[in-house]
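A short write-up of the structure that comes next.
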Amino acid sequence: MAEAPGRLIRLHAALLGLALAALAPGTAGAAPERPPVDRPALAAALCGPPAVQGQAAEALIRAAADAETADLAWAGNILRVLTERRLACTDTGAVILDRPGAAEGADAATGASRPAAGGRVPVLGLRQRAQVETALGVVALLSARDPEARGAGLAAIERRAAGVPEAVLARAETAEADPGLKRAIMQVMQAAALSSPDPARRIGAIRAVAEAPSGAALSRLRALEADPAYGADPAFRAALDSGISRVGRAIAVGDGLAVLYNALSFASILFMAAAGLAIIFGLMGVINLAQGEFIMIGAYATYGVQELFRRLAPGAIDLYLIAAIPVAFLAAALVGIAVEALILRHLYRRPLMSLLATWAVSLFLVNGVRVALGTQNLQFRMPPYVSGGLPLYADFIVTWNRLFAIGFAAGTLALTLLILRATPLGLDIRAVTQNRDMAGCLGIRTRRVDRLAFGFGSGLAGLAGVALCPIYSVNPGMGATFIVDSFMVVVLGGVGTVLGTLVAAIGIGGANVAIEPLYGAVAAKVIVLVGIILFIQRRPEGLFPARRRR
Amino acid sequence: MSGNAETFPVPRRRDGAARLGARIARDPLVAILSAAILGIALCLVLVRPSPYLVNAAGQLAAFAILAVSLDLVWGYLGILSLGHGLFFAVGGYVCAMHLVAHAYAVTGIPPDFVQFMGWKTLPWYWAGLTNAPYALVLALGLAVLVAFVFGLASFRSRVNGVYFSIISQALVYVAMLLMFRNDTGLGGNNGMTGFSLLFGWPMGSPGVTLGLAVASLAALAAVLVGASLLVGSRTGRLMLACRDDETRLRTLGYGTTRLKLGIWCLSAAIAALAGILYVPQVGIINPRVLAPDLSIEIAVWVAIGGIGRLGGAVLGAVLVNALKFWLTAAMPEAWPFILSGLVLLVVLALPNGLLDLAALRLKPTWLRGGTR
């Protein structure tokens with residue numbers, strides 16, 4: 001072979017020409033019939049010298065958009081065989097070996113078994129390897145069944161997007177079923193179009209990128225400002241400028257939405273932590289420093305329910321978060337009622353002492369859980385309805401776990417209002433909150449109301465514990481994180497009003513989240529707390545002073 | 001401080017050195033305790049027990065001063081501050097700054113956090129802190145200033161009772177968050193430690209330890225006697241009146257805001273003094289002294305010892321902290337349970353703290369109104 005390299009190359013060139021003719025896109029518009037790939041020609045080209053190998057890979061990439069899926073799969077196989085050094089080139093054609101160095105294999109074109117003795121195993125050069133890998137990526141993207149393989153193919157293409165015709169990506173994009181991958185393909189197409197030599201196509205691509213704004217789109221457009229065309233071509237410049245400003249605006253809107261969303265979710269947590277406090281404080285004047293620990297009990301009850309599901313009903317484990325709702329409520333409520341019955345009922349009219357007593361209870365609960373169950377963070381399984389999210393606009397993603405918390409808070413609010421406004425217990429609670437002595441005179445058993453209301457308020461904290469599980473880490477000390485914030489909510493909202501608590505929670509949550517990106521998390525907390533302290537100086541009764549006994 | 005006393009004078013008693021002794025003797029507990037404290041200080045000097053014991057006695061004395069400062073506002077004015085750790089920390093931080101600045105000036109080695117932050121020198125507000133009298137004035141003045149601003153705003157708008165407690169807790173929490181930042185120039189979350197020199201003497205030597213302990217005990221005795229003189233005075237009676245019925249006192253024409261503000265600032269200064277004495281003995285200060293839990297613990301000492309009795313505050317602080325020293329070493333798991341059990345016992349069964357056990361005193365009227 002070595003003695004006639006010129007002839008050989010000519011031979012291969014002829015073969016290649018054949019292959020290309022076969023692979024060339026069908027220009028006849030009437031019948032989108034897919035021309036068959038000339039398998040022997042391709043196999044022969046891959047056995048050729050490096051330049052021919054590379055040309056064959058490139059030709060395959062160009063023709064892939066119109067090739068049959070079966071042909072693509074075959075081409076993909078032989079290319080992979082080539083990269084794995086299992087392709088033996090004999091005088092009579094290429095043979096695919098099962099393993100490198102095998103004596104026998106299948107004929108590349110026909111699949112018939114035949115000996116590979118004396119065959120040369122071609123080695124890919126760096127340049128050719130890249131071309132072949134791109135071709136493999138194209139084939140995988142167009143023909144692989146597994147979305148992951150298609151994703152990997154797309155990643156391979158992305159590295160050399162300029163060499164891949166738009167038609168290939170367009171075909172993949174229309175055929176793609178996976179929404180995430182479809183979006184990714186779209187982005188690669190846009191990126192390729194942005195660096196296209198055709199100015200009209202570039203401007204179109206800029207418009208298309210601006211249609212789907214995101215941080216990535218912005219940086220992609222920004223990168224084009226360094227392009228020579230930006231200075232030379234006024235139309236390009238105008239399109240790019242308008243595209244950048246459009247994406248920038250959209251990102252600002254999306255970020256604003258994200259801040260609002262985060263604020264709402266933080267406010268939901270605050271509201272749930274504080275609602276029970278507000279009821280208890282308004283009714284009994286008791287500052288319950290153990291409220292954070294009732295949240296912790298709710299979270300641990302949720303963990304218990306999860307473990308129970310794991311033992312008894314592993315199939316339905318994703319439902320544990322729902323099943324935990326009543327359990328956490330009852331667990332926290334029972335502990336609360338016990339605390340009220342054993343300790344607090346002796347301390348009414350001595351609010352500062354009840355404050356110390358609830359601190360002792362919280363110390364006891366934290367350390368009890370610490371000793372019994374350890375200090376480590378609990379591991380929660382995230383059911384699908386609280387993991388992931390939905391990209392809504394620009395970079396704004398609606399994460400399900402926060403949506404869960406928001407929905408949970410809304411449910412808690414509805415439940416609280418329902419109980420306070422529409423049940424006999426709620427009527428009693430409101431009566432005792434407004435005038436304890438008069439309510440007692442009218443025959444309301446105020447002590448029983450106190451106990452039930454304390455249980456209800458503790459139960460609300462337990463519910464907050466459920467909602468926290470998908471968002472925060474759960475450990476014995478978790479309650480301390482919320483106690484100061486939730487007291488601020490109660491104080492700001494006004495004692496004993498659920499709606500005041502809601503407004504205050506939204507205000508504090510919003511202010512915290514709004515200041516955070518500007519000055520950092522600690523400064524945000526400090527500014528908000530100082531603001532509340534100042535506000536309380538002006539309105540000691542809070543935003544919505546409740547009518548209560550004097 | 002005493003409101004419109006000139007407009008509405010209360011009957012004055014004759015004053016003089018003879019009355020002083022009689023006044024102290026009116027609260028025998030204070031007299032006994034002050035004598036005992038001075039006796040202990042003398043013992044420390046004469047017997048020279050192990051430095052660990054000396055140091056523990058000094059720290060306990062600092063805590064007792066802190067407890068007296070809180071009892072002054074809680075027991076006698078009815079204002080429960082859950083943020084007294086803030087004033088303690090102000091004193092402690094300024095003292096630590098003085099020690100660090102002093103060591104820097106003598107040895108020329110910049111403190112750890114300065115190197116850590118990559119700074120060349122100490123920030124501007126450290127200027128002059130090598131001067132001990134200036135540091136003392138700064139510590140007390142800063143504590144009083146913070147207390148004044150916070151107290152003025154709160155008392156003027158009549159933030160009372162539980163509200164005040166919650167807001168003071170938020171204040172100390174805010175301060176903790178601030179001090180956890182590393183760019184405050186005060187050591188950040190690591191705080192300041194490794195003090196090497198006190199007035200040019202090496203820290204940790206037996207003599208310095210003894211000196212600090214004796215100074216703390218002497219300060220405790222002075223604070224105790226001074227506070228007992230205060231509460232025995234006309235101002236003290238106004239304080240009790242304000243605690244029991246502020247509205248009535250105001251209606252009678254006394255400026256309760258000024259009274260409360262004055263005592264509040266005094267209490268803050270005493271708490272800062274406790275911090276000043278505490279930090280060189282324990283050898284470290286970090287933002288954890290500003291944790292809301294620690295401030296609640298101060299109230300717990302007072303409640304356990306007995307609210308509204310200065311001696312009770314001292315006994316409570318010494319007892320709880322001695323137990324804590326011992327138990328956190330002997331059985332750390334059990335300590336929180338014992339503490340919470342003590343609190344519940346006192347709160348439920350002994351409204352005046354452990355002093356009830358000694359039956360030294362009947363329940364004061366303002367507690368007798370309880371529902372038990």
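Here, each number is a calculation from the coordinates, and none is a lab measurement. It should be emphasised that the depicted structure is a prediction, and the values quoted were computed from it without experimental measurement. Glycine gets a Cβ as well: all are built from the backbone with ideal geometry, and neighbour counts include every protein chain shown.
Summary of values
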read-out	value
For B:50, B:34, order by how many other beta-carbon atoms lie within 10 Å, fewest first	B:50, B:34
Efficiency of FRET from Cβ geometry, residue A:123 and residue A:415, R₀ 56 Å, rounded to 0.05	0.20
Electrostatic dipole magnitude of segment A:256-516 [Cβ: Lys, Arg +1; Asp, Glu -1; Cα centre; debye, to 20]	700 debye
Diffusion coefficient, µm² s⁻¹, Stokes-Einstein with Kirkwood Rh over alpha-carbon pairs of the protein assembly as shown at 20 °C and 1.002 mPa s	64 µm²/s
Averaged over B:165-177, number of beta-carbon atoms from partner chains that fall within 10 Å	6
Exposure proxy ranking, count of Cβ atoms within 10 Å, fewest first, for A:269, A:244	A:244, A:269
Cα shape, segment B:27-330, gyration tensor, a/c 1.5 rule	oblate
For chain A, calculated [θ]222 nm from helices alone, where every DSSP H run of n ≥ 4 adds -39500 (n - 2.57)	-23000 deg cm²/dmol
Per-selection metrics, chain A (Cα): Rg and Dmax in Å	34.8, 119
Sorted by Cβ density within 10 Å, fewest first, the residues A:541, A:225	A:225, A:541
Computed [θ] at 222 nm, helices only, for chain B once each DSSP H run of length n ≥ 4 contributes -39500 (n - 2.57)	-23000 deg cm²/dmol
Positive dipole terminus of segment A:206-342, leading residue within A:339, A:319, A:235 (C-beta point charges)	A:235
C-alpha center-to-center spacing [segment A:436-466, segment A:306-357] in angstrom	15 Å
Between helix A:446-468 and chain A: long-axis angle, C-alpha atoms, 0 to 90°, nearest 10	10 degrees
Debye, to nearest 20: dipole size of the protein assembly as shown, +1 on Lys, Arg Cβ, -1 on Asp, Glu Cβ	3800 debye
Translational D in µm²/s for segment B:24-100 (Stokes-Einstein at 4 °C, 1.567 mPa s, Kirkwood Rh from C-alpha pairs)	88 µm²/s
Cα→Cβ-extended label distance, 7 Å offset, between residue A:514 and residue A:70, nm	6.6 nm
Highest-first arrangement of B:305-311, A:502-508, where packing means the average Cβ count within 10 Å	B:305-311, A:502-508
Chain A: Cys lacking any partner C-beta under 4.7 angstrom	A:441, A:469
Mean projected area in nm² (Cα convex hull; one quarter of hull surface) for segment A:284-341	4.3 nm²
Most positive-pole-ward Cα, A:276, A:306, A:435, against dipole of segment A:256-516 from beta carbon charges	A:435
Residues of segment A:523-546 with amide N under 15 Å of the 7 Å Cα→Cβ point at residue B:183	A:523-527
Inter-probe distance in nm under a simple model that places probes 7 Å from Cα toward Cβ, at residue B:157 and residue A:207	5.7 nm
Highest average packing first - A:343-352, A:296-305, Cβ atoms within 10 Å	A:296-305, A:343-352
For segment A:256-516, diffusion coefficient by Stokes-Einstein and Kirkwood Rh (Cα), 10 °C, 1.306 mPa s, µm²/s	85 µm²/s
